[in-house]
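Right, one structure below, let's go through it.
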Amino acid sequence: MFSNRFIRILPLVFILSGCETTPDTPTSTPEIKANPKTIVSEQRKDIAQIAPLTTKELDDVWQRIRAQLTFANSSHPAVQQRIAWYLSHPHYMDEISRRAEPYLYHIVSEVEKRELPIELALMPLIESDFNASAYSHKHASGLWQLTPAIAKYFKVQITPWYDGRQDVIDSTRAALDFMEYLYKRFDGDWYHAIAAYNLGEGRVLRAISNNKKQGKPTDFFNLKLPKQTSQYVPKLLAAAQLLKSQKMAFPTISNSPTIAVLPIDGAVILDNQKQWQQLESLNHGVIRFPAIIDAPHIVVPVAEQTQFKDMLANLDSNDYSQWQHYTVKRGDSLSVIAKRYKVGISQLKAFNDLKSNTIRIGQKLVLPQLADTQIEHQVKSGDSLWKIANHYKVSIAKLKQWNSLSSDTLRIGDKLTVFLSAS
């Protein structure tokens, strides 16, 4: 039986699917009553046969997914309604494919490595529309819409400089770790596990328990769940069924690696504007480009990985002209300076290439804060995110990330933090 000990954590809310309750932080490894690499038999029955792929289709990662779909087709009204919605928005998948292109091959490969149902690779479609910078009003973020608490539990780093939830590598690892945990918690029922990803394991377990007490079936479609969660699994099933049946076009995404991962040791400043602008769209987790601090790696186009690897290897000295400088005084220590300027000791050490905590009077330190460039903008009548971003020559995505905004709506009097690179 499942453990009844659960710790409540921050809400896991998704920008599109919208989780409205508080999920449970995993507290222990549940007893495994089913092989986590296998889908239970009741979910295998009535699976439609998928025609063998042609040579051309083998070049498309969507078709790679299609060839491995195993969840049963469903005629449930909720699934059919979502299918109808997709079909009434024929250009929806055009934008989805554009956003998914840099990430989907990696996500599919990671799902396959774990021998998990390939349907899980479609979850970012439901979670965020494959928007890596998505941020919900309840603080879930990234492709997989991880909350800070879930991210912390699965060892995803979040600092003022780096948010691993918006990094495809870190977030995919954590999301799949979480799904494996939930699969075990729910005795090998993937629909229950997916619902719990959206709602929280405690709420789903209580719904199952309530049905048992009332002598009702406990399969997903018979559970009494909040509207958003009751629609969450059907959204995923509908997308899978449309891909399987090929009744809706999924624009081709090359079935080949698109990104490469380069480890980062310490802090890196990309003082070449062309370089960092090229990387910014692949590294939403790096909050304060061009400074790469706290990030364990950067993601680069696979075709240019040698170029960027050489670039990192040759960064013998960084241009620190745009950063604040500090001269060590009597009584100073790294902890005192870090506290005064609200930065981490590890950041100070990384930024200054310090191998120990020892500093000396008169020593010049570079602070990981842009010099005279953090400003506060008070929203006035007529302002919009586009107008403010255009005024300061920054992106709307960064404005939203810096201020944890989940929508484009502003109120007069709101105060927005804006970071400007010194020119």
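Of note:
- For T327 and K387, a Förster radius of 51 Å and the Cβ-Cβ distance give a FRET efficiency of 0.80, rounded to the nearest 0.05.
- Taking the convex hull of the alpha carbon positions in region 260-314 and averaging its projected area over all directions gives 3.3 nm².
- The label point for D219 and the one for K309, both projected 7 Å from the Cα toward the Cβ, are 5.0 nm apart.
- Rg and Dmax, both from the Cα atoms of region 373-420 and both in Å, are 9.5, 25.
- When peptides 169-181, 206-218, 188-200 are ranked by their average number of other Cβ atoms within 10 Å per residue, the highest-first order is 188-200, 169-181, 206-218.
- Residue-span extension gain [H377 to S356] - 0.36 nm each, minus C-alpha spacing: 3.7 nm
- Dividing the radius of gyration of the alpha carbons in region 235-386 by their Kirkwood radius gives 1.13 for Rg/Rh.
- Overall dimensions of region 324-367, expressed as equivalent-ellipsoid semi-axes from the Cα gyration tensor (√(5λ), whole Å, largest first), are 13, 12, 10.
- To the nearest 10, the accessible area of D59 is 100 Å² with a 1.4 Å probe.
- Accessible area in square angstrom per residue, region 373-420, 1.4 angstrom probe: 60 Å²
- Computed with every protein chain present, the accessible area of E115 is close to 120 Å² [probe 1.4 Å].
- Look at the dipole of region 324-367 built from charges on Cβ: of L354, L365, V328, the Cα furthest out on the positive end belongs to V328.
The values are calculated or read from the model by the stated rules, or taken from the named source; none is laboratory data. Bear in mind that the values here come from a model prediction, so they are computed numbers and not experimental data. Cβ atoms come from the backbone with ideal geometry, glycine included; neighbour counts cover every protein chain shown. Heads up: the accessible areas ignore ligands, DNA and RNA and are worked out on the full protein's heavy atoms, side chains in. Shrake-Rupley method; radii C 1.70, N 1.55, O 1.52, S 1.80 Å.
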